[in-house]
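The values are calculated or read from the model by the stated rules, or taken from the named source; none is laboratory data. Just so it is clear, the model here is predicted, and its values are computed rather than measured. Cβ sites come from the backbone with ideal geometry, for glycine too, and all protein chains shown count toward neighbours. Accessible surface is based on the protein model in full, side chains and every heavy atom, while ligands, DNA and RNA are left aside. Shrake-Rupley method; radii C 1.70, N 1.55, O 1.52, S 1.80 Å.
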Amino acid sequence: MCVLAANVINQYLFLIYWGGMVITVIVNVLSVLIALSNLCFIEGAYRNLLATAFLRDEPAYSEIWRKSGTSGRVILQLIAKNVNPKIFEHVLNELVNLLRMAARP
């Protein structure tokens, strides 16, 4: 039986590649489950948003959260994670003002 050195090296490289792919699949599945839990558990995601932006719970913020829909909530979470908390608070206050102006007859 002849064993080529290149085949042995390729065998181990494939095993390392396969292990990396398994780890990647596991991480991606966990990421999808976390994203789905944020979409399904609205109140918990709202509390997480407040904690991320260091905000207090106000009825106007809760109203924006509930009226924004799924895609709006995802956008609000992304903004809260990626900007300064003061800027995010300013954005929410502007949304509150726009919501109040739209509610006027």
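The accessible surface of region 8-105, taken with every protein chain in place and a 1.4 Å probe, is 69 percent carbon and sulfur.
Across region 27-40, coupling constants 3J(HN,Hα) worked out from phi with the 6.51/-1.76/1.60 Karplus curve, θ = phi - 60°, read 5, 5, 5, 5, 5, 5, 5, 5, 5, 5, 5, 5, 6, 7 Hz, and Gly and Pro carry x. Around the Cα centre of the chain, unit charges on the Cβ atoms of Lys, Arg, Asp and Glu (plus for the first two, minus for the last two) sum to a dipole of about 220 debye. Annotation: per residue accessible area for the chain equals 76 Å², rounded to a whole number [probe 1.4 Å, protein chains only]. Beyond 23 Å, the tail of the calculated P(r) for the chain holds 48 percent of the Cα pairs.
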